[in-house]
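Report on the following structure.
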Amino acid sequence: MKTDSFDVLVIGGGPAGLCACAELSRCGIKVLLVDEGPVLGGQLVKQTHKFFGSREHYAGVRGIEIPDKLQEEIDEKLITVYSSSTVVGIYPPNNNVLIYRDQKKVEEHSFKYIIIATGASENMILFENNDLPGIYGAGAVQTLMNQYGIIPGKNMLMVGAGNIGLIVSYQLLQAGCRVKKLIEAAPSIGGYLVHASKIIRMGIPVQTSTTILKAIGTEKVEGAITVKLDENWNQIEGTEEEIEVDTICLSVGLAPSYKLAVHAGCKQIFIRELGGMIPWRNSSQETSVNGIYIAGDACGVEEASSAMIEGRLAGLNIAKCMKRLSEKACNEKIDDNLISLDKLRSGPFGERIVEGIRKLEGKSYE
Amino acid sequence: MLPKTADIVIIGGGINGTSLAYYLAKKGIKNIVILEKNFVCSGATGRCGAGIRQQWGTPENTSLAMEAVKLFETLSEELDWDIEYEQCGYLIPAFTDEFADQFSKNVRMQKKLGLDVSYLTPQEAKDIVPDLCVDNVRAATYCSTDGGGNPLLTTYAYAHRAKELGVKIHTKTEVTDITVSGGNITSVVTDKGTISTPMIFNAAGGHSQEIAAMVDIDLPINSYRHQILVTEPVEHFFDPMIISFDYNIYFRQVKHGSILMGCSDTSEKPGYDTTSTLDFIKDITTRSIKIMPKLKKLNVLRQWAGLYNVTPDAMPIIGDVADVGGYFQAVGFSGHGYMLGPKVATLMAELIADGKRDEIIDRLSLERFKSGNITVDSSVC
Ligand SMILES: Cc1cc2nc3c(=O)[nH]c(=O)nc-3n(C[C@H](O)[C@H](O)[C@H](O)COP(=O)(O)OP(=O)(O)OC[C@H]3O[C@@H](n4cnc5c(N)ncnc54)[C@H](O)[C@@H]3O)c2cc1C
Ligand SMILES: Cc1cc2nc3c(=O)[nH]c(=O)nc-3n(C[C@H](O)[C@H](O)[C@H](O)COP(=O)(O)OP(=O)(O)OC[C@H]3O[C@@H](n4cnc5c(N)ncnc54)[C@H](O)[C@@H]3O)c2cc1C
């Protein structure tokens, strides 16, 4: 086992992880940052659209440009980055960490402080033939197109009209694909109006109260059958429609990726508003396990802007524990970030999250 | 809602509880209730290696396992459910003369009971598993009718068919006490309410001693954590379960290509902890590649742990007891309750429903520990 010269391990180099690194390095703390991907940035590296949100959190900037801006904040001398490397386990009671370095060899480390910023993973839904080649998650489609320049197919059915479904549909159009239909199980479109209007203006038919019944094809997707849903989300017989497509793109929500936290022994609770089961945490972003913090989508699916603040909060709270900054200075910065977070969540789209956080803070993990 | 009364309450939704419910219901017993504190298969059953072997060190374990194999051979058909049972064989290499001697005695006993088992040279063992490293192998034993199944499918199938026959399964319901009056069971208390019942069946796996203690029965049983892992699936390259008592390890390639691998840690203390450790991974990977170097290339997907419910002679405790009327049990399987559970359940169903007492029930009763002269099965890992 390596006895490390690092003070903190940050797992995940998305907006949450990068911001945590920025705060830690500013306080002179040595960090090991591990990310599974070949480049840092997490979800941002595939987001070619201009960001929504507030200006102090990069609204108007394209997602792909944000990681560079964040990395400028980080003192390179204090950060060691293992990219294309995966943290595969955190073993209690000593926080022994296994890292699959360069996807080649396993290394064992031990850390007093760990920030889990592993983001979220895409949901899958149940329908006949949902394992046929040609069925993708929206995130995978985005990675293929925006990161690697590969078009997944020609004629698409998009399932799910949240922001991601809307944005990815638009990006598919930009890439020259045909989105034949966008279906949504809920009675109305879930995403922001700006994104929805673009899609509708481009003439993509959007059908609400509709879901996918089955994929057609033997070797790969050749079509799909959709069906209408009544107000109780039951399928309405006789409303089945067949559509000829070669690709089905599922954009049906994200679930926090917190398996490492569970492995480390962090207690979980169920909060629907934050994405279901999540690790319990306090307002310092610390979990039930001493020294293990969690930030970003990993502790409740939200957005990049809030992920960034949560990452900063986790970093600052560790700096405070390590006494690398005066308590007063820490508290001031922590308060500033808490205020930004509140501001960010104050709009109508933040209501659900605020409700979730309220429930979280009302509960102990016992 | 928990029913107010039952004719029998089965505690535990593992292989033992569900199979007993099925066989009892098939015999026409009504008002059977299974109480399970978590979910079906949450105990040892859903975590086990699911090997089915007849090459044991005592006649009791061997003959019971031979009967169990007969049952497994037609179980998919009986339950109309593919439980992924396969007779892929068990190969048991001996790396010391001591085990080689022991094995030849075992084989003699097993053959006398009618088991088709062979005592092999290292080369013959390598012919069966070409990737086996036989450098230090002294001898091996092999039985082609040994094998394994899928414990989740088996238990769900039993539970499903039992439900069809009217059995009620209450999950997330924990038994907290059992009341006895005039020497007979009268009711079961749970965190969701109380059920009056004249009979209970203790099938609580790693927690069986806690249930027994509720009716003042002191079982000579301890639970121990056993860890296990599964690798990524790869193309099929060996058939039998390989098990070594020298290395305290077993592994087999299951149907979809993954390798299931477990080992015993002799320093483990009795307890109920089921967390996974890093030491286990390091330990088992070092041990296993000595037996099969090719395993070195595989990636580990997951690791987990479950409880062995262990008796002093490594044989289960089954049947009724003298002092508490209406109390029945099938506990202390000592790491081989998946393979023995269904057969034991048929015997227990005959005892409970028909009053028919197979002689093995007496041989494996709690009473045997009173005499003090027990024979320990050492073919355990
Ligand atoms: C199509 C789309 C559009 C969006 N648009 C906006 C927008 O306009 N404005 C906005 O604010 N938000 C937007 N978001 C949301 C935003 O991208 C996410 O909320 C944000 O990226 C979450 O940040 P994170 O750091 O928590 O996680 P991520 O960005 O998901 O980063 C997690 C990182 O952890 C790594 N990782 C995971 N597990 C391991 C492991 N075991 N070992 C090592 N590394 C690991 C991953 O490789 C990844 O790099 C959008 C999301 C999508 C999908
Ligand atoms: C790692 C490992 C590998 C193994 N490999 C093999 C193998 O290869 N072959 C083999 O035959 N066997 C093997 N075994 C042993 C086998 O798994 C067990 O003997 C068998 O599953 C026991 O079944 P059961 O139904 O008695 O107990 P369990 O499956 O443990 O079920 C008992 C149930 O009772 C419930 N319970 C406990 N207390 C209460 C309560 N108070 N109220 C309500 N419910 C309660 C539990 O939640 C549990 O679900 C292995 C075991 C382990 C741990």
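Against the numbered list (1) more than 14 Å from every other protein chain (Cβ to nearest Cβ); (2) surrounded by fewer than 23 Cβ atoms within 10 Å (Cβ to Cβ); (3) in a helix (DSSP H, G or I), residue B:341 comes up short only at (2). Of A:171, A:147, all but one fail to be open to solvent by less than 70 Å² (accessible area, probe 1.4 Å), under 22 Å from residue A:49 (Cβ atoms), within 16 Å of ligand 1 (Cβ to nearest atom) and touching a Lys or Arg at 6+ places or on another chain (Cβ under 6 Å); the exception is A:147. Which residues, counting only those in the range B:146-173, are surrounded by 19 or more Cβ atoms within 10 Å (Cβ to Cβ) and in contact with a helix residue (DSSP H, G or I) (Cβ under 7 Å, 6 or more places away or on another chain)? Answer for the range B:146-173, where residues must be surrounded by 19 or more Cβ atoms within 10 Å (Cβ to Cβ) and in contact with a helix residue (DSSP H, G or I) (Cβ under 7 Å, 6 or more places away or on another chain): B:149, B:151, B:154, B:155, B:157, B:158, B:159, B:161, B:162, B:167, B:169.
Just a yes or no: is a residue in the range B:287-294 more than 14 Å from chain A (Cβ to nearest Cβ), surrounded by 13 or more Cβ atoms within 10 Å (Cβ to Cβ) and assigned to a loop (DSSP other than H, G, I, E, B)? Taking every residue of the range B:287-294 in turn, at least one turns out to be more than 14 Å from chain A (Cβ to nearest Cβ), surrounded by 13 or more Cβ atoms within 10 Å (Cβ to Cβ) and assigned to a loop (DSSP other than H, G, I, E, B).
Test residue B:313 against the stated conditions and say whether it is away from ligand 2 (no atom under 14 Å from the Cβ) and open to solvent by 50 Å² or more (accessible area, probe 1.4 Å). So residue B:313 does not fit the description; no. Among the residues making up the range B:166-225, those that are touching a residue at least 40 places away in the same chain (Cβ under 8 Å), assigned to a strand (DSSP E or B) and under 25 Å from the mean Cα position of the chain (by Cα) are B:168, B:169, B:170, B:175, B:200, B:201, B:202, B:222, B:223, B:224, B:225.
Of everything in the range A:216-237 that is in contact (Cβ under 8 Å) with a residue 40 or more places away in the chain and open to solvent by less than 80 Å² (accessible area, probe 1.4 Å), the residue that is farthest from residue A:134 (Cα to Cα) is A:229.
From the list A:56, A:65, A:73, which residue is touching a residue at least 40 places away in the same chain (Cβ under 8 Å), farther than 18 Å from residue A:302 by Cα and surrounded by fewer than 21 Cβ atoms within 10 Å (Cβ to Cβ)?
The conditions single out A:73.
For the range B:236-253, name all the residues that are in a loop (DSSP other than H, G, I, E, B) and either surrounded by fewer than 22 Cβ atoms within 10 Å (Cβ to Cβ) or within 14 Å of another protein chain (Cβ to nearest Cβ) (or both).
Step one: list which residues in the range B:236-253 are in a loop (DSSP other than H, G, I, E, B), which gives B:236-240, B:245-248.
If the condition is that a residue be in a loop (DSSP other than H, G, I, E, B) and either surrounded by fewer than 22 Cβ atoms within 10 Å (Cβ to Cβ) or within 14 Å of another protein chain (Cβ to nearest Cβ) (or both), then B:236, B:237, B:238, B:239, B:246, B:247, B:248 are the ones that fit.
Considering the range A:286-306, the residues that are within 14 Å of ligand 1 (Cβ to nearest atom) and open to solvent by 10 Å² or more (accessible area, probe 1.4 Å) include one that is nearest to the chain's Cα centre (by Cα), namely A:297. Annotation note: Cβ proximity below 7 Å between a residue of the range B:34-46 that is closer than 15 Å to residue B:149 by Cβ and more than 14 Å from every other protein chain (Cβ to nearest Cβ) and a residue that is near ligand 2 (Cβ under 6 Å from one of its atoms) and assigned to a helix (DSSP H, G or I) (sequence gap 6+ or interchain) occurs for B:44/B:205; B:44/B:206; B:44/B:337; B:45/B:15; B:45/B:338. Among the residues of the range A:254-285, the ones that are of a type in the set (Lys, Arg) and within 22 Å of residue A:100 (Cβ to Cβ) come to 1 in all. Comparison of A:185, A:255 shows that the only residue that is of a type outside the set (Ser, Thr, Tyr), part of a loop (DSSP other than H, G, I, E, B) and closer than 30 Å to residue A:299 by Cβ is A:185.
Yes/no matrix, rows are residues, columns are (1) crowded, with 16+ Cβ neighbours inside 10 Å; (2) within 16 Å of ligand 2 (Cβ to nearest atom); (3) at pLDDT 95 or above:
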| position | (1), (2), (3) |
| --- | --- |
| A:2 | no, no, no |
| A:38 | no, no, no |
| A:46 | yes, no, no |
| A:81 | yes, no, yes |
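Within the range B:56-94, the residues that satisfy the criterion of being open to solvent by 40 Å² or more (accessible area, probe 1.4 Å) and in contact with a strand residue (DSSP E or B) (Cβ under 6 Å, 6 or more places away or on another chain) are B:86, B:87.
Do we have any residue at all in the range B:264-284 that's away from chain A (no Cβ under 14 Å), open to solvent by 10 Å² or more (accessible area, probe 1.4 Å) and among the basic types (Lys, Arg)? Yes, the range B:264-284 contains a residue that is away from chain A (no Cβ under 14 Å), open to solvent by 10 Å² or more (accessible area, probe 1.4 Å) and among the basic types (Lys, Arg).
The values are calculated or read from the model by the stated rules, or taken from the named source; none is laboratory data. The model shown is predicted, which means the values in this text are computed figures rather than measured ones. A quick note on method: Cβ atoms are made from the backbone with ideal geometry, for glycine too, and the neighbour counts reach across all protein chains shown. Quick note on the areas: whole protein, heavy atoms, side chains included, nothing else; ligands and nucleic acids left out. Shrake-Rupley method; radii C 1.70, N 1.55, O 1.52, S 1.80 Å.
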